[in-house]
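Inspection log for the structure reproduced underneath, given as structure tokens.
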Amino acid sequence: MINHLGLKAYGKINLGLDVLRKREDGYHEVKMIMQTVGIFDKIDLIRTEEPGIQVETNLYYLPCNENNLVYKAAKLLMDEFHIEEGVKIKLKKFIPVAAGMAGGSSDAAAVLVGVNKMFGLGLTKKALMERGVRIGADVPYCIMRGTALSQGIGEILTPLPPMPQCQVLIAKPAINVSTKFVYENLHANDLKKEDHPDIDGMVEAIKRKDLYGVTSRFGNVLEKVTEKEYPVISQIKSQMISLGAVNAMMSGSGPTVFGVFTRPQAAEEAYEEMRFGQGADLAKQVYLTNFYNCKEVSNHGV
Ligand code: ATP
């Protein structure tokens with residue numbers, strides 16, 4: 001019997017993000033390139049005799065009730081399979097919150113994988129992904145991970161070959177961005193042809209293992225909306241490029257910005273500068289990491 005599981009929930013960035021249209025049901029149809037990075041939340045899943053779900057987290061401002069996505073994930077499987085015991089979920093956050101890195105979705109994904117394993121439910125990855133989309137559009141991808149093309153509302157996933165290795169500098173300014181606000185102000189059905197990034201070209205570049213073919217196509221249709229509201233995003237991008245990034249872009253609906261480096265030393269220096277030098281006024285959280293492929297992050301640490 002499994003009484004305890006230590007899970008790792010990895011964050012993602014978008015190498016490309018396009019919104020094709022707003023559907024009649026209010027959802028946005030997207031076309032995005034998703035990429036796992038090496039920043040992860042730690043989750044302890046503990047089996048309890050007492051029924052129910054208890055959530056603890058190190059961040060006072062996150063909900064510990066049914067509004068936390070880890071609670072929703074555990075409840076979904078425990079209700080369906082009539083599990084009479086309980087679980088305690090201890091969540092330690094490292095992925096910036098409300099940052100466009102799918103932190104909550106990744107936590108939910110890890111808990112789905114963990115509960116499935118702990119209680120021997122025998123669900124396949126595909127079956128977990130089908131359930132995950134009920135919690136959030138990015139949850140199926142967070143179960144799959146690695147490099148992937150994401151379509152539909154995020155649930156149609158095509159795995160892609162791993163990205164060439166490079167260094168990724170991630171910086172989150174001290175602002176919080178509402179995903180809802182950004183999508184509402186995008187006016188997706190009024191976008192012009194030139195507003196859309198070349199996602200198909202990026203997929204081809206990934207298949208060719210052509211890093212510059214990818215970075216030269218960096219594009220996020222949401223960037224204009226968030227940047228207009230928060231000029232600090234353009235400032236971080238310019239700062240990263242002046243510090244030697246091949247290119248830099250905002251992830252998801254923001255405000256996190258990432259820059260890609262091909263020289264480890266330049267990346268280290270840029271990290272120091274963003275943390276302690278001129279960039280320190282712009283960014284509150286700064287990380288230096290890599291792209292992770294699905295083999296490196298397999299099994300959510302289970
Ligand atoms: P995405 O990239 O999918 O838009 P995000 O990075 O913008 O995600 P999250 O960090 O996943 O946003 O969370 C956004 C909101 O969801 C938070 O403000 C928080 O109140 C709520 N939330 C619920 N559960 C969690 C969780 N486990 N981790 C983080 N936030 C959570």
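General observations
- Helices (runs of 4 or more DSSP H) wholly inside the stretch 108-188 that include at least 3 residues being farther than 28 Å from N3 by Cβ and either more than 14 Å from the ligand (Cβ to nearest atom) or not assigned by TED's automatic domain parsing to the domain that holds A98 (or both): 179-184
- Residue check, S234 closer than 16 Å to M101 by Cα and either modelled with pLDDT of 95 or more or in a loop (DSSP other than H, G, I, E, B) (or both): no
- Check on N67, in the same structural domain as I135 (by TED's automatic domain parsing) and free of Cβ contacts under 8 Å to residues at least 24 places away in the same chain: yes
- Checking T147 against (1) closer than 27 Å to M202 by Cβ; (2) among the polar types (S, T, N, Q); (3) open to solvent by 10 Å² or more (accessible area, probe 1.4 Å), the condition it does not meet: (3)
- Annotation: of all residues in the stretch 212-244 being out of contact with any helix residue (DSSP H, G or I) (no Cβ under 8 Å at 6 or more places or on another chain) and of a type in the set (A, V, I, L, M), the one that is least open to solvent (accessible area, probe 1.4 Å) is V232.
- Selected residue (criterion: nearest to G114 (Cα to Cα)) from residues of the stretch 278-302 that are in a loop (DSSP other than H, G, I, E, B) and in contact with a helix residue (DSSP H, G or I) (Cβ under 9 Å, 6 or more places away or on another chain): V302
- Selection count where residues are surrounded by 12 or more Cβ atoms within 10 Å (Cβ to Cβ), among the polar types (S, T, N, Q) and more than 8 Å from the ligand (Cβ to nearest atom), scope the stretch 50-66: 2
- Reported count of residues in the stretch 186-211, each being surrounded by fewer than 14 Cβ atoms within 10 Å (Cβ to Cβ) and closer than 29 Å to V97 by Cβ, is 1.
- Some residue of the stretch 272-292 being hydroxyl-bearing (S, T, Y), within 16 Å of the ligand (Cβ to nearest atom) and open to solvent by less than 60 Å² (accessible area, probe 1.4 Å): yes
- A residue that is outside the structural domain of V182 (by TED's automatic domain parsing) and over 21 Å from the mean Cα position of the chain (by Cα) cannot be found anywhere in the stretch 89-100.
- Members of the stretch 213-252 found to be polar (S, T, N, Q) and free of Cβ contacts under 8 Å to residues at least 24 places away in the same chain, listed by number: S234, S238, S242
- Filter result (open to solvent by 70 Å² or more (accessible area, probe 1.4 Å), among the aliphatic types (A, V, I, L, M) and touching a residue at least 60 places away in the same chain (Cβ under 8 Å)) within the stretch 1-49: L20
- Members of the stretch 67-107 found to be farther than 27 Å from Y183 by Cβ, within 13 Å of the ligand (Cβ to nearest atom) and either open to solvent by 10 Å² or more (accessible area, probe 1.4 Å) or at pLDDT below 95 (or both), listed by number: K90, K92
The values are calculated or read from the model by the stated rules, or taken from the named source; none is laboratory data. No experiment lies behind these values; they were computed from the predicted model shown. FYI the Cβ positions are ideal-geometry reconstructions off the backbone, even for glycines, and counts take in every protein chain you see. Note: areas computed on protein heavy atoms with side chains; ligands, DNA, RNA excluded. Shrake-Rupley method; radii C 1.70, N 1.55, O 1.52, S 1.80 Å.
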